[in-house]
Amino acid sequence: MTREQVMLDPTAEAAAEQKPRIPRPHALDGLTVGLLDINKPRGDEFLDRLETLLTGRGLAVRRYRKERFSNVASDGLRREVAEACDVVVEALAD
Amino acid sequence: MTENGIPDGLVAVVKRDCPTCRLIAPALAELAQARGLAVYCEDDPDFPEGIAGVVDGRELEASFRLGIEIVPTLLRRDRGREAARAVGWHRDEWRALSGVAGLGATLPESRPGCGSRTQEPGMAYRLKARFTNTGLASREIRLPAEADLEQACYERGWTDGLPVVPPTVERVLEMLDGCRRAPGEAIGLMPPNLVECTVEKVAINAVMAGCLPAYMPVVLAVAEAALIPEFNLHAIVATTNAVAPVVMVNGPIARAIGMNAKGNVFGQGNRANASIGRALQLLVRNVGGGLPGEIDRAVFGNPGKYSFCFAEDESDPRWDSYAVEKGFPPDASTVTLFAGDGVTPIIDHTARTPEELLVSYTDALLATYNRRQVNEVACFLVVGGEHQQVFYQAGWSKADLRRALDERLTIPVHELVPGRAGLGPLGPEIRAQPDLRLPKFRTGGYNIIRAGGSAGKYSAIVSAIGSSGLRPVTREIAP
């Protein structure tokens, strides 16, 4: 009984699907910037400073905050950010 | 002739290796001459010699489709269906079935047959894989007969660094027979990629981890417990911390499958302990996509990320098991998952009373992570065999020990570290009370369990990050 051997794929298989990133903007003029605080201590300090700099350049800024840094952002929050913002800065700090 | 190519009329299934088949070769020749006979020989297409109707049956397709367990077997088939069957050699039976009155006149009246090659170890699953629609959905990877399957698994990125058992269709079918669930049943979304995980994918990874089919109900319960949101497997996989998911099994199934709860309980050497924990890690890797250096951002990790699985020692009824404490009946089998980053021993050879032992416990437990840390730290205190005796002999229940520890495991506010491990999350009203004592494990909690060898005065701490978003979870194992 020498014949080919057959193994079954242990992976999710579907995960092989690759989605391209949306194109990066060349400039921020006229865009809305989302600032996502993942809720680790002092992330807000970094984002506060960014907000000051961005609004100083006349850009629209929206602030968001995850409930907990160790939990994945909820679908609702992800949708809200995606609908309202052109670019997002997510801050990790400690 | 039927669609499987098995003809109507008389059909015999034999093998040369069977003494009874060799003995009755003359009778087979008589039948072939008198009535016409198709003979499927399982091991030698030249046996029996001189008969025109011998078919090469070495692939065992005919034996499988006819459900042959013993050779010789004689069948009479009519319009694609079986009309009569004789198993082994019984002369009168063969005469009646074939209608050849003087058949085998010189042969003994009866002789038992031998096992068909379909009964060889592992053959049932090989035949099922080859000749039936298995109903399995996973992509098949076909490799030449001479291919090195272990190496092929490495090349595809399916292993944790150690060799895996190649997940052949046969082995996966056998694994699935270890449970009563349909292969296509979804058990939930596996982080970090949040892709659907089926019973079939659990079985494939259990094969690779080295599990036996009898472990399958445990592995399924482990996978399902890992997907309970409070456990937060995503965080355990993705964190920069060193934690691994730790699996603890309670109840009769732990003993039934031979799990180790005693000496070297967190070490090597027990197949069930090693492979059940490993199966979870392979699921995270292969189904969830939690690869080190990618979503798995651990700075150190720990050796438990190969496998960290054990059974709680429930052998002494004087204390309730963890599962019973959580409300499960004593005869229930459960899995508990918690985060753990390693084992810290508590060594106390001299204490002979609970009060003395508590001094060691308190000092060791307070030091978990940082002597001045109260947030984001959790642990399981594992009371070893000889230390259990200290409490039993003094009549202490587990609740007594917990009460005593609760009193001792506190740290005053003025000693706390800055940042989120200590002062960070505390409000001004608490910070204003420097002598207020806060529980050491105020966000993560601690649990008391029993395990380990009976000789040696040790206990152990399995430490972990711990918070409201990261909790131990327990699930009952369905048979």
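Any read-out appearing in this document is the output of simple, stated calculations on the displayed coordinates, not a laboratory observation. For clarity, every value in this text was computed on a predicted model and none was experimentally measured. Please note: Cβ atoms are built from the backbone with ideal geometry, for glycine as well, and neighbour counts cover all protein chains shown.
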Just going by the charge dipole of the protein assembly as shown, with Lys and Arg at +1 and Asp and Glu at -1 on Cβ, which of B:GLY384, B:GLY57, B:LEU176 is farthest out on the positive end?
B:GLY384
What is the Cα centroid distance between the range B:135-150 and the range B:40-118, reported in whole angstrom?
35 Å
Skipping prolines and chain starts, which residues have an amide H placed within reach, meaning under 5 Å, of the one on B:ILE187, given they are 5 or more residues away or on another chain?
B:CYS197, B:THR198, B:VAL199
Let me have the 222 nm mean residue ellipticity of the protein assembly as shown computed from DSSP H runs of 4+ only, each contributing -39500 (n - 2.57), with the sum over all residues rounded to the nearest 500.
-8000 deg cm²/dmol
With each label point set 7 Å from Cα along the Cα-Cβ vector, what nm distance links A:ALA82 and B:ASN193?
1.8 nm
In debye, nearest 20, what is the charge dipole magnitude of chain B about its Cα centre with +1 on Lys and Arg Cβ and -1 on Asp and Glu Cβ, if you could check?
520 debye
Sorted peptide list for B:390-398, B:11-19, A:71-79, B:85-93, criterion being average Cβ within 10 angstrom, highest first:
B:11-19, B:85-93, B:390-398, A:71-79
Could you give the C-alpha radius of gyration of the range B:1-127 expressed as a fraction of 2.2 N^0.38 Å, taking N as the number of residues it contains?
0.96
Once you keep just the Cα pairs under 8 angstrom separated by 6 or more residues, what percentage relative contact order results for the range B:407-479?
29 percent
Run the reach check for B:LYS326 against lysines, Cα to Cα strictly under 19 Å, same-chain hits fewer than 8 apart removed. What comes back?
B:LYS398
Each residue of B:426-434 has, on average, a number of other protein chain C-beta atoms within 10 Å of its C-beta equal to 0
Mean other chain Cβ within 10 Å across B:137-150 is 4
Taking θ = phi - 60°, what integer Hz values does the Karplus form 6.51 cos²θ - 1.76 cosθ + 1.60 yield along the range B:105-116, in sequence order, with x for Gly and Pro?
4, 8, 8, x, 5, 8, 8, x, x, 10, x, 5
Calculate one ³J(HN,Hα) per residue across the range B:59-75 by plugging θ = phi - 60° into the Karplus curve 6.51 cos²θ - 1.76 cosθ + 1.60, and present them in order as whole Hz with x for glycine and proline.
6, 6, 5, 5, 4, 5, 5, 8, x, 7, 10, 10, 10, x, 10, 10, 10
Measure nothing but the geometry: give the 0 to 90° angle between the long axis through the Cα atoms of B:354-366 and the longest principal axis through the Cα atoms of chain B, rounded to 10°.
90 degrees
Compute the helix-to-body angle for A:75-84: its Cα long axis versus the longest principal axis of chain A, expressed 0 to 90° and rounded to tens.
50 degrees
Roughly speaking, what is the centre-to-centre gap between the range B:256-327 and the range B:194-229 when only Cα atoms are used, to the nearest Å?
13 Å
Helix B:398-408 versus the longest principal axis of chain B: what is the Cα-based angle in degrees, 0 to 90, to the nearest 10?
40 degrees
Between the range A:4-77 and the range B:365-420, what's the alpha-carbon centroid distance in Å?
40 Å
Could you give the size of the charge dipole of the range B:9-120 about its Cα centre, using +1 on the Cβ of each K and R and -1 on the Cβ of each D and E, expressed in debye and rounded to the nearest 20?
400 debye
Take the Cα atoms of the protein assembly as shown, build their convex hull, and give its volume per residue in Å³.
205 Å³
Per-residue HN-Hα couplings for the range B:322-338 [Karplus 6.51, -1.76, 1.60; θ = phi - 60°; Hz; x = Gly/Pro]:
4, 5, 5, 4, 8, x, 8, x, x, 8, 7, 9, 9, 10, 10, 10, 9
Around A:LEU35, which amide H atoms from residues at least 5 apart in sequence, or from another chain, sit under 5 Å from its own amide H, with H modelled in the peptide plane?
A:ARG62, A:ARG63, A:TYR64, A:VAL89
Counting only other chains, what is the mean number of Cβ atoms within 10 angstrom of the Cβ of each residue in peptide B:281-293?
2
Once the in-chain neighbours fewer than 8 apart are removed, the aspartates and glutamates whose Cα is under 14 Å from B:LYS457 read B:ASP348, B:GLU356, B:GLU386
Which Cys in the protein assembly as shown stand alone, with every other cysteine's Cβ at 4.7 Å or more from theirs?
A:CYS85, B:CYS41, B:CYS153, B:CYS179, B:CYS197, B:CYS211, B:CYS309, B:CYS379
Relative contact order of the range B:151-476, please, whole-number percent, based on alpha carbon pairs below 8 angstrom and at least 6 residues apart.
22 percent
Say a paramagnetic label sat at a point 7 Å from the Cα of B:GLU140, along Cα to Cβ; which residues of the range B:162-180 have their backbone N under 16 Å from it?
B:167-174
Could you give the alpha-carbon Rg of chain A over 2.2 N^0.38 Å, rounded to two decimals?
1.62
Rounded to the nearest 20 debye, dipole of the range B:277-355 from Cβ charges on Lys, Arg, Asp, Glu
420 debye
Cα gyration tensor category, rounded, prolate or oblate, for the range B:115-226 with a/c compared to 1.5
oblate
Taking the highest mean first, how do the peptides B:363-375, B:281-293, B:316-328, B:249-261 order by number of other beta carbon atoms within 10 angstrom per residue?
B:281-293, B:249-261, B:363-375, B:316-328
Signed unit charges on C-beta, dipole axis of the protein assembly as shown, positive-most listed residue B:ASN193, B:VAL222, B:LEU438
B:LEU438
By DSSP, what percent of the beta bridges with both residues in the range B:151-476 are antiparallel, rounded to the nearest 5?
75 percent
For B:LYS440, residues with placed amide H under 5 Å, excluding near neighbours:
B:THR410, B:ILE411
Just tell me which lysines come within less than 16 Å, Cα to Cα, of A:LYS40; anything on the same chain fewer than 8 places away is out.
A:LYS66
